[in-house]
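Undergrad: Structure incoming, see below.
The values are calculated or read from the model by the stated rules, or taken from the named source; none is laboratory data. Since the model is a prediction, treat every value here as computed from it, not as a measurement. Neighbour counts run over all protein chains shown; Cβ positions are idealised from the backbone, glycine included. Remember, those area values only see protein heavy atoms, side chains included, never the ligands or the DNA or RNA. Shrake-Rupley method; radii C 1.70, N 1.55, O 1.52, S 1.80 Å.
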Amino acid sequence: MARYEFSSVFADEIQNYINDKISAGFNGESFRRNLIGFDRFCNKYQLAEPVFTTFHASKWIERRERESHTTHYSRVNASKHFLKYLSLKGYDVYVVRDIKHKGTDFKPHIYTSAETEKYFLAVDHYSSRSNRKDAIQYPVLFRILYCCGTRINETLGIRKKDVDLEKGIILLNETKNNTQRYVVMGDDLKALFNDYAIKCFYLLTDEDYIFTNANGGRLDSKTVYEKHREFLFNAGIPYVGDGKGPRLHDWRHHMAVYSFKQMTDSGLDMYVALPILSTYLGHKTIFATEKYVRLTLQLFPYIEEKFHTMVDRIFGGARDENN
């Protein structure tokens, strides 16, 4: 797939903005992805001059049909920072208002031990005629999601140079909050990863992505989600649909819940366990980790009895954040 080229009236400034972010130490790819939609919007409304009016802003912030609250929030708020950038440079642009993130009562699917076993049995027995590499890359990819709690785009953004095979450490660059972070592999995952590297890494340059499609390009999240649905079916795990999953992202929730449980079961004080989990997941603050803690308490009553009062004292009425 050809790389998208910015072509709107703001194309040059979009690229300047991304370059400025890269110079400041941020990962430019996430900013690029966020502004592709804005560039297309400007072309759709045939903006001939670098002016963004209140009319344009009102159309841009409208929530689209079938657009989730989270996607709406991310799309608009990301463009707001770019519009501020344009305003500071003297352009006649209307800076869109903040879109408040709407909380949700959605509860992720936390897999049982039997479901987890059947799911990975389906993953490990998968093969494809269109991409023979799938048989060895999916067991690694899905175990990173399961063991490390990474987001799918963070995982697909891993390049060969980001992996320290000897130490079992992966550097994540394409993160939600544009801040690099490391994840550490356990012994089993490290062994599986090293076996995968022996079979595939000799074909890659340091800049190449480690998970690829049949053409050697970066594997895309839509393809992985389709495989996830297939693995659920083969494992006999019902897919509810309509956004209720089990979603691919639920492996991140699963990892967070069981990691917190494991830490507290080992005797680690919650005040110590919480910032460790929050940092590992790449959250900006511990408040973004709150839902995982409360979900753990709901699933394991004995932990709830121990920490309920402490959780309320720490979080109080903390605001919901997308994780």
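Undergrad: Calculate the spin-label point distance for Thr279 paired with Glu67, positioning each point 7 Å from the Cα along the beta-carbon direction, and give it in nanometres.
TA: Between Glu67 and Thr279, the label points sit 3.7 nm apart.
Undergrad: On a 1.4 Å probe surface of the protein chains, which of His253, His81, His125, His69 comes out largest in accessible area, and what is the full order? Please list the in-between numbers first.
TA: Values: His253 5, His81 95, His125 140, His69 70 Å².
Correct descending sequence by accessible area is His125, His81, His69, His253.
Undergrad: When each pair of different Cα atoms in the range 33-176 is counted once in the 1/r mean, what is the Kirkwood radius in angstroms, to one decimal? Provide the component values of the computation, followed by the final result.
TA: Values: mean 1/r = 0.0522 Å⁻¹.
Radius from the Kirkwood sum: 19.2 Å.
Undergrad: Please give the solvent-accessible surface of Arg229 in Å², to the nearest 10, using a probe radius of 1.4 Å with every protein chain present.
TA: Near enough 100 Å² of accessible area.
Undergrad: Contour minus end-to-end for Ser7 and Ile198, with contour as 0.36 nm per residue of separation and end-to-end as the Cα-Cα distance? Let's see the in-between values first.
TA: Details: separation 191, 0.36 × 191 = 68.76 nm, distance 4.17 nm.
Result for the pair: 64.6 nm of gain on full extension.
Undergrad: Determine the order of Phe26, Phe6 by accessible area, beginning with the largest, at a probe radius of 1.4 Å. Can you show the working numbers first?
TA: Values: Phe26 85, Phe6 30 Å².
The ranking, largest first, comes out as Phe26, Phe6.
Undergrad: Of all accessible surface on the range 74-189 at a 1.4 Å probe, what whole percent is carbon and sulfur? Can you show the working numbers first?
TA: Values: 2940 of 6050 Å².
Using a 1.4 Å probe with all protein chains present, the range 74-189 comes out at 49 percent carbon and sulfur.
Undergrad: Skip the ligands, DNA and RNA, and give the accessible area per residue of the range 209-279 with a 1.4 Å probe, whole Å². Write down the numbers at each step before the final one.
TA: On the way: 3400 Å² over 71 residues.
On a per-residue basis, 48 Å².
Undergrad: Sort the following peptides by mean Cβ neighbour count (other Cβ atoms within 10 Å, averaged over residues), highest first: 141-147, 71-77, 199-205, 165-171.
TA: Descending packing order for the listed peptides: 141-147, 71-77, 165-171, 199-205.
Undergrad: Between Ile169 and Asn16, what is the label-point separation in nm under the 7 Å Cα-to-beta-carbon projection?
TA: 3.8
Undergrad: I need the calculated FRET efficiency for the pair Phe233 and Ala135, taking r as the beta carbon distance and R₀ as 25 Å, to the nearest 0.05.
TA: On the way: r = 18 Å, r/R0 = 0.72.
That pair, Phe233 with Ala135, gives E of 0.90.
Undergrad: Still on this structure: Taking 22 Å as the cut-off for C-alpha to C-alpha distance, list the pairs among Lys167/Lys284; Lys160/Lys199; Lys84/Lys176; Lys44/Lys222; Lys80/Lys176; Lys133/Lys161 that go past it. The partial results should precede the final answer.
TA: On the way: Lys167/Lys284 26 Å; Lys160/Lys199 13 Å; Lys84/Lys176 20 Å; Lys44/Lys222 25 Å; Lys80/Lys176 17 Å; Lys133/Lys161 20 Å.
In this structure, Lys167/Lys284; Lys44/Lys222 exceed 22 Å between Cα atoms.
Undergrad: Heavy-atom accessible area per residue, the range 85-186, 1.4 Å probe: how many Å²?
TA: Working: 5420 Å² over 102 residues.
Ligands and nucleic acids excluded, the result is 53 Å² per residue.
Undergrad: Could you check the simple spin-label distance between Ile36 and Ser113, using points 7 Å along Cα→Cβ, in nm with one decimal?
TA: Modelled inter-label distance: 4.3 nm.
Undergrad: Oh, and also: Suppose all protein chains stay in the model; what accessible area per residue would a 1.4 Å probe give for the range 1-53, in Å²? Intermediate results must be reported in sequence, preceding the final value.
TA: Working: 3090 Å² over 53 residues.
The answer is 58 Å² per residue.
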